[in-house]
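Data block below; observations after.
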Amino acid sequence: VGQPMISWSIEAALKSECFKRVIVSTDDDEISEISQRYGAEVPFKRLASLSDDYTGTIPVIKSAINWLEMRNEKIDYVCCLYPTAPFIEVSYLKEGLEKLIENNASYSISVTSFPYPIQRAIKFTKNERLKMFFPENINKRSQDLEKSFHDAGQFYWGTLNAWLETENILDEGKAFK
């Protein structure tokens, strides 16, 4: 309470003891100052070409890795921890790293379940009528439908190669929950 959103992610990362370095990638001077105040490093300014509303996570992480490798940093695993994850728990970060290593996965991410089966999802048509996305499930009981999950938007642990090879985080078989 009363502290900047990004501070929660930084504090969890530091407390987890999973990281050699906690680095924030930003092009914003205020975020840089806040990040450093809470114990993160901001050793470079993010490139303008990676600072728009359309750039994905992988290019930003890849750029940070390249910056570190140019300084001969030894890297095995990298975690992208979002600055908008105030409810991140230290145990989640530790478990994510453990699962990445134990399962020989490319990535390990935080997920959460949808509160209701997605197979019963509906949408509006152009004329404001309701239509099911999956009409074949109209007569199925919700408890008989497969449980579905989505990215919780907290973190992505990944191997160095996964990030550098620009593997899609959610490609089948790449990520572990």
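A compact table of results
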quantity	calculated
Test: residue in the range 12-20 that is of a type in the set (D, E, K, R) and touching a strand residue (DSSP E or B) at 6+ places or on another chain (Cβ under 7 Å)	no
Only listed residue being closer than 24 Å to Pro43 by Cβ, among the polar types (S, T, N, Q) and either modelled with pLDDT under 95 or outside any helix (DSSP H, G or I) (or both), chosen from Thr112, Thr166	Thr166
Residue in the range 6-25 that is farthest from Lys74 (Cα to Cα), counting only those that are without any contact (Cβ under 8 Å) to a residue 40 or more places away in the chain and hydroxyl-bearing (Ser, Thr, Tyr)	Ser7
Which listed residue is part of a loop (DSSP other than H, G, I, E, B) and at pLDDT below 95, from Gly39, Gly2	Gly2
Test result for Gly2, exposed (fewer than 13 other Cβ atoms within 10 Å of the Cβ) and over 17 Å from Gln154 (Cα atoms)	yes
Residue satisfying all of: in the range 62-109; of a type in the set (A, V, I, L, M) and assigned to a strand (DSSP E or B); nearest to Ser9 (Cα to Cα) among these	Leu81
Whichever residue in the range 127-177 is under 27 Å from Trp8 (Cβ atoms) and among the aliphatic types (A, V, I, L, M) and, among such residues, is least open to solvent (accessible area, probe 1.4 Å)	Ala162
Leading residue by the ranking (least open to solvent (accessible area, probe 1.4 Å)) among those in the range 85-106 that are within 29 Å of Met5 (Cα to Cα), in contact (Cβ under 8 Å) with a residue 60 or more places away in the chain and not aliphatic (A, V, I, L, M)	Gly96
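Conditions tested, residue by residue: (1) open to solvent by less than 30 Å² (accessible area, probe 1.4 Å); (2) within 19 Å of the chain's Cα centre (by Cα).
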site: Ile34; (1), (2): yes, no
site: Ile58; (1), (2): yes, yes
site: Val78; (1), (2): yes, yes
site: Pro83; (1), (2): no, yes
site: Ser108; (1), (2): yes, yes
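The values are calculated or read from the model by the stated rules, or taken from the named source; none is laboratory data. Predicted model only: the values in this text are computed from it and were never measured. As a convention, Cβ positions derive from the backbone with ideal geometry for all residues, glycine included, and neighbour counts pool all protein chains shown. Calculation scope for accessible area: heavy atoms of the full protein, side chains included, ligands and nucleic acids excluded. Shrake-Rupley method; radii C 1.70, N 1.55, O 1.52, S 1.80 Å.
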